[in-house]
Amino acid sequence: MTYAIAGLKCERSGSVEEAIHLYEEAIHLNPFDALFQHNLGRLYFMNNQPDSALIYLSQAIETDPNTAIYHISKGLIIESQHSDEAFEAYKQAVLLSPDIIDSQFFKDLKKRNPVKTEELLKNASNELLQILSFQYSSIIEAKSGKILLALGETERAYETFRHVTQIHPNLNRPWYYMGFIEQEKKSFEVMQELYKKSLFLSPFDYLPLYTFAAYYEETGNKSKSDSYYKAAEKAWKNKRSVHSSRCKRMYFTDTEKDDVIPKGLLDYISPVFQTNKLIKDE
């Protein structure tokens, strides 16, 4: 871990070759750390060594296929030459973490290729529905609802989220997305109750915090608006990578919150702040 942290600092100070050396040492000591493999792959790409980059990014996915950011990194590197393969990687990322749909990354992707992005969402939705037809999972159903919402199937999405809250009421995001739908319908009292339930279950989720802040700003309640904005900003800054969260649980000590290379990638694939709506085309 010490070599990786030193490599992270080198990358952020502009010393890419030194960062590569330090991450190679980190992988020598721990050859099964997927984030080390991912970060070394990104460093090789930054150093104009695309073949080596793809080797390590592929290793990261093989080591840990359930972390979305590894699929996105590989897709971003190969998209210009292997579009179909890249969009398959992006689809896997969306299946793992559908809130990516609300990120700046996904907004840019839709601008670059709106047809394939829409096809990606439909294929992801169909895959989740197929899984549900064989075996029920509230997590899978919640993911399905998020993708249905992105496809504009609002009523189906709402019913999906509602069913999830009946089966698994401790998931906070279904309550949030139902609140978002109620807000779009201008059912503000119902919206507030749903957002409150979401925050009760996850007090540091910046999405409902920020949406509440925007709502209170629009209704002229400056004190509440400022309070929620501050809480949302703090939650945004304190978000962690999957790897960082795992390391904190394993070693019972604080770790670098954003240990992903390149700097800014974690923010790029996370749902972004919006005043009163999820990302939509400009």
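The values are calculated or read from the model by the stated rules, or taken from the named source; none is laboratory data. Everything numeric here is computed off the predicted structure, so don't read it as measured data. We place every Cβ from the backbone using ideal geometry, glycine too, and count neighbours over all the protein chains shown.
With the condition being within 20 Å of the chain's Cα centre (by Cα) and at pLDDT 95 or above, I'd like the helices (runs of 4 or more DSSP H) fully within the range 1-117 carrying at least 2 qualifying residues.
Answer list for the range 1-117: 34-46, 50-63, 68-78, 83-96, 104-112.
Output yes when any residue across the range 126-134 is closer than 15 Å to PHE180 by Cβ and surrounded by fewer than 22 Cβ atoms within 10 Å (Cβ to Cβ), and no when none is.
no
For the range 70-95, which positions are closer than 16 Å to ALA34 by Cα and not hydroxyl-bearing (Ser, Thr, Tyr)?
HIS71, ILE72, LYS74, ALA93 - these are the residues of the range 70-95 that are closer than 16 Å to ALA34 by Cα and not hydroxyl-bearing (Ser, Thr, Tyr).
Counting only residues that are of a type in the set (Asp, Glu) and assigned to a helix (DSSP H, G or I), which one in the range 125-158 is nearest to SER187 (Cα to Cα)?
Going through the qualifying residues, I end up with GLU155.
Suppose we filter LEU43, LEU35, LEU22, LEU54 for residues that are surrounded by 20 or more Cβ atoms within 10 Å (Cβ to Cβ), more than 21 Å from ASP267 (Cα to Cα) and not aromatic (Phe, Trp, Tyr); which single one remains?
Only one candidate passes the filter, namely LEU22.
Between a residue in the range 81-101 that is without any contact (Cβ under 8 Å) to a residue 24 or more places away in the chain and any residue that is surrounded by fewer than 20 Cβ atoms within 10 Å (Cβ to Cβ), which pairs come within a Cβ distance under 7 Å, given they are 6 or more apart or on different chains?
Close Cβ pairs (under 7 Å, with a partner that is surrounded by fewer than 20 Cβ atoms within 10 Å (Cβ to Cβ)) amount to GLU85/ILE78; ALA86/ILE78; ALA86/GLU79.
For the subset of the range 234-261 comprising residues that are hydrophobic (A, V, I, L, M, F, W, C) and modelled with pLDDT under 90, which member is nearest to ILE72 (Cα to Cα)?
Going through the qualifying residues, I end up with CYS247.
Among (1) buried (at least 17 other Cβ atoms within 10 Å of the Cβ); (2) on the phi > 0 side of the Ramachandran plot, there is one condition THR117 misses while meeting the rest; what is its number?
Exception for THR117: condition (2).
Condition check ((1) of a type in the set (Gly, Ala, Ser); (2) without any contact (Cβ under 8 Å) to a residue 24 or more places away in the chain; (3) more than 28 Å from TYR215 (Cα to Cα)) across all residues:
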| position | (1), (2), (3) |
| --- | --- |
| LYS122 | no, no, yes |
| ILE131 | no, yes, yes |
| ILE139 | no, no, yes |
| LEU149 | no, no, no |
| GLU153 | no, yes, no |
| HIS163 | no, yes, no |
| PRO169 | no, yes, no |
| ASN172 | no, no, no |
| TYR177 | no, no, no |
